[in-house]
Every structure is written in C-alpha cells, then in structure tokens.
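Report on one structure; see the data block that follows.
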C-alpha cells in the first residue's frame, strides 16, 4: 500500500504544470424547436434535443444533426439552411416513421444514435439507433406516408435480444441505404439489424462509431462499435442488478459487429438473427453462454464513444467511452478488448456497495466473471483514466469528449476536451497523461484542467449562463433552465462537444437548442 501511495505521489508531482486554456465560441445554428417554452414537463421542456453532429463524408459540405425528439436534419455549412431528412416520431399523430418510438422521459430516449458507414460515398449506408415502447399502440414497422422515398417493401423486424428480468423498452439498430445521397430527403431502403430489450427507460442503447483509421482490407474496416447502457439495472436492488456484469445479455456493454453480411466473411460468423456478422476475434466468442457481440462490459451508461487518433504515433490510437456515473464518479475510459469496467461492483476507482454508496477497494481486487447465474474465473477490473466527482467544482454527468485533431486551433493539439452535461463545465486532459494512466493501477489518473469560454468578448466559467441567456431569448419560461441535478441545482446546461470531418469542435446544448462553433483557443 505504501508503494502505491508513493507511486501516485511521484506520478502527480512529476507532471508539468499545464497552461490555462480558453476557447472562443460563436453561434453557428439555431435549431427548430421540438420542445415547449413553458418549462414544464420532462424532455419536452428542452427547446430542441440536439444529440450530435456528423459531417457527411466526402466533402459534401453538409452536417447531419439528429434531434432526440425525432427529426434528422441536414444543415448546410455555407447557408445554414435546415432540411428535415427523416423524422422518427410517428407517435400520436406526428408525421414520422415509427409509431412506437419512445421519447417522453429519460434524457437519452428517442433518436439516440446516428453514424455514417465509412464507405458511404459509394454505398449510401448509414446507421441509426432509436428507442421503442413495445406496449405503445400501432405497428413497429416504419410508416412511410410522410417519407414516400423510403421503400418499406420487405422491411421486417427482428426478435429482441433478451435481457434478464422485467423489460419495458427496446433499442433498435437500423441500417439505411440512400440511393441518391445528393438529395435533401431520404430515398432508398432500410434494414433492421437488431433490437435489444432494456429493463427501464434509463441508459438506452445509442452511440456508435467505426474505426476512422481502418481501410478496405483491414480487420476493422466497416466494423461497428456500439454502446448499450445498462437500462438502469445496475443501480437496482433486485435480481437485475448484475446485468452489466452478466455476459448473457447486452446491457452495460460495448458491442462490436459487422453490419454488412458480405464483409469479412472468412473471419466472422453470421448472427443468430441472420442480419449481421460477428468477428471471430471478439473476446467472448468461445465462452459458452456469452453474447458473442460483446467487446467490453461492466458499464453503467457509456453513452459517448470516440476514437482518439494520434497523428504522430498510430500506436497510441484508442477507443474511448465516456460513461455517466451513479452518485459519485464520472469517468473517461480507454476501452480494452474483453475489459471488465466493474459496474455495478465498482464506480470509478472505488467499490460500489449494494446500497449504491462507494468505499475503498478491497485488498483482493477481483471480480468474478459471470455468465448467466454461473461465475467462472476472477478478473481484475479495468479502471478509468479520468474521473471527477459529484461535488461543487465537479458535475453530475459527463458529456462527449474528443482528442482535438483539427488544424485551426493549434494550442488544443494533444488535448482531450470534454464537458459536464448539467453544469456546463469544460475540462481538458493531456492525452499523454491519459495513456500513462492506462496502466492497470486504479489510483493512476490523468490530471484535468478547467477550460474557460469566451463569447461576445465576455469570459465565462461554464456554459450554463450562456445556455440560460439563449434559452430566455428564445422565449423559455423556466426561471433558470429546465431540469435539475445534484451539483447543477435548478437547471441543466445540457452542453456537449461534437466535431466535423476536419476535427474542428462544436458545442451544442438541448436546453436552448443552439449549436456553437469553437473558433479560437488560447493558452497562457
């Protein structure tokens, strides 16, 4: 124990002092309101539930922006013109595609995931994830009355992948093939790849990503990494609590699949439902009873995935998952093949007790590998490389994070930037520190540094007052901001980062429905 303390002490004092960083932002786009201005209700009190930003591959000068409330917009980068490309909300008279889409409660429900196929310019494919309520009225087939360009003939649903315990909702992964990618509305076909049962409305299936460095012929070419939250199971006091640890279900996991049945045929097997392939080198394909799709497990809500790409040393490229914690820790995790990230037996670098409070790690720091109700060998958990606490100066829920890879802001090179959703705080960590913290030692963590925000020549500590002013200027009636959380108090800034194809940064926020571009950065 003394040696460990000394290691952490010397690791900390050896790090050089890092500069104070400020970023300058400008309003970039005002998204259409899909919520209400009266400040009442849950998700409908947010002016626009912007949930990402993806630039169309191939230099087409268009951004695709999903709103959790259903619309998928095209935003022209030059004119800022907005067009509704698709709309997923077909509930209760809405003109969208899916009558069972669920978006009323749960911050991540609705149109929760969107990503382009790496070969999109050639094949027109992209992928979405949305949440459905099986008990809602109507068919679970897409209704193309308002989007006649979608050919629904031959579209069939899949049998849900089961989850232990009572389930309420389903996450649905769909592959779309646009036959005319120059148009502003969708034309083509869609194919459901999988649907996953979720215990509750919390922590759904959502974000996904392809390895951006993979090229045709590489083992990772067109291989999809997909996160699935724990559906609220891990904080339960019932029999569903172990679900993130159990390898017989997909809750609390990061998955790795091949969507195209014609890709990697010699090195993969077809899934049970016949809709996708599973790489033979996934870590649990030889484990009886385990779901072969699993790449890593033991997460609560790894709701944002991103690849950190080091242009100077490709050996440093890593898949990173930002995971929202329960009551104590928010974490950034370097994702390892087959890694067990501990939840719900661990939160951050502490033991999580059955009453959902944390304490110090046990002397023998191992967790049994659990397949269904059977436990096998013991493994050492994989710990985060960054964490911050639910306390003043910290936050409630980690947002998206990116290792800056653009050229416009050279002072940000080598820095991993991320937000806290509720407070609107922004931090960075030096990527070299994150790699050093990925050493298997729970107390080795990368140091994080607060980032200031400059807007209209005024410097702010957080995004909260910026979002609050914009929310009220757009007619929002809540006295501060909608929602609340432990650290942020009344109101949530709901701020997250996104990047475009050039690696340049944007900040978007649901409460005010705004997208802002990061246009400058300084260090002193």
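The values are calculated or read from the model by the stated rules, or taken from the named source; none is laboratory data. Since the structure is predicted, the reported quantities are computational estimates derived from the model, not experimental observations. Virtual Cβ from ideal backbone geometry, glycine too; neighbours counted across all protein chains shown.
Within segment 40-69, which residues are more than 11 Å from residue 510 (Cβ to Cβ), surrounded by 24 or more Cβ atoms within 10 Å (Cβ to Cβ) and over 17 Å from the mean Cα position of the chain (by Cα)? Result: 63, single match. Scanning segment 124-151 for residues that are more than 25 Å from the chain's Cα centre (by Cα) and over 15 Å from residue 90 (Cα atoms) gives 149, 151.
I'd like to check something: does segment 269-278 contain any residue that is closer than 17 Å to residue 389 by Cα, over 24 Å from the mean Cα position of the chain (by Cα), free of Cβ contacts under 8 Å to residues at least 24 places away in the same chain and in a strand (DSSP E or B)?
The initial filter retains those residues of segment 269-278 that are closer than 17 Å to residue 389 by Cα, namely none.
No, because not a single residue in segment 269-278 is closer than 17 Å to residue 389 by Cα, over 24 Å from the mean Cα position of the chain (by Cα), free of Cβ contacts under 8 Å to residues at least 24 places away in the same chain and in a strand (DSSP E or B).
Does segment 505-521 contain any residue that is free of Cβ contacts under 8 Å to residues at least 40 places away in the same chain and either in a loop (DSSP other than H, G, I, E, B) or over 22 Å from the mean Cα position of the chain (by Cα) (or both)? No, there is no match, as no residue in segment 505-521 is free of Cβ contacts under 8 Å to residues at least 40 places away in the same chain and either in a loop (DSSP other than H, G, I, E, B) or over 22 Å from the mean Cα position of the chain (by Cα) (or both). Within segment 445-491, the residues that satisfy the criterion of being out of contact with any helix residue (DSSP H, G or I) (no Cβ under 7 Å at 6 or more places or on another chain), part of a strand (DSSP E or B) and without any contact (Cβ under 8 Å) to a residue 24 or more places away in the chain are 458, 484, 489, 490. In segment 321-343, the count of residues that are within 24 Å of residue 208 (Cβ to Cβ), assigned to a strand (DSSP E or B) and without any contact (Cβ under 8 Å) to a residue 60 or more places away in the chain is one or more.
Listed conditions (1) under 20 Å from residue 337 (Cβ atoms); (2) over 15 Å from the mean Cα position of the chain (by Cα); (3) in contact (Cβ under 8 Å) with a residue 24 or more places away in the chain are all met by residue 226, apart from (2).
Among the residues that make up segment 352-359, is at least one of them modelled with pLDDT of 95 or more, assigned to a strand (DSSP E or B) and farther than 19 Å from residue 235 by Cα? Looking through segment 352-359, none of the residues is modelled with pLDDT of 95 or more, assigned to a strand (DSSP E or B) and farther than 19 Å from residue 235 by Cα. Looking across segment 249-268, the residues that are in a loop (DSSP other than H, G, I, E, B) and surrounded by fewer than 21 Cβ atoms within 10 Å (Cβ to Cβ) come down to 260, 261, 262, 263, 264.
Can you confirm whether residue 110 is at pLDDT below 95, within 22 Å of residue 302 (Cβ to Cβ) and surrounded by 18 or more Cβ atoms within 10 Å (Cβ to Cβ)? Don't jump to the end; show me each part of the working.
On the way: at pLDDT below 95: no; within 22 Å of residue 302 (Cβ to Cβ): yes; surrounded by 18 or more Cβ atoms within 10 Å (Cβ to Cβ): yes.
It is false that residue 110 is at pLDDT below 95, within 22 Å of residue 302 (Cβ to Cβ) and surrounded by 18 or more Cβ atoms within 10 Å (Cβ to Cβ).
Applying the condition of being exposed (fewer than 15 other Cβ atoms within 10 Å of the Cβ), in a loop (DSSP other than H, G, I, E, B) and in contact with a strand residue (DSSP E or B) (Cβ under 9 Å, 6 or more places away or on another chain) to segment 367-397 and asking which residue is modelled with the lowest pLDDT yields 373.
Conditions tested, residue by residue: (1) touching a helix residue (DSSP H, G or I) at 6+ places or on another chain (Cβ under 9 Å); (2) more than 22 Å from residue 426 (Cα to Cα); (3) modelled with pLDDT of 95 or more.
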{"residue": "291", "(1), (2), (3)": "no, yes, yes"}
{"residue": "299", "(1), (2), (3)": "yes, yes, yes"}
{"residue": "302", "(1), (2), (3)": "no, no, yes"}
{"residue": "305", "(1), (2), (3)": "no, no, yes"}
{"residue": "310", "(1), (2), (3)": "yes, no, no"}
{"residue": "316", "(1), (2), (3)": "yes, yes, yes"}
{"residue": "321", "(1), (2), (3)": "no, no, yes"}
{"residue": "331", "(1), (2), (3)": "no, no, yes"}
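Within the option set 8, 21, being modelled with pLDDT of 90 or more and at negative phi holds for one residue only, 21. All of 384, 442 fail the test of being within 22 Å of the chain's Cα centre (by Cα) and over 30 Å from residue 41 (Cα atoms), apart from 384. Residue 402 meets the conditions (1) outside any loop (DSSP other than H, G, I, E, B); (2) touching a residue at least 40 places away in the same chain (Cβ under 8 Å); (3) farther than 30 Å from residue 53 by Cβ in every case but one. The failed one is (3).
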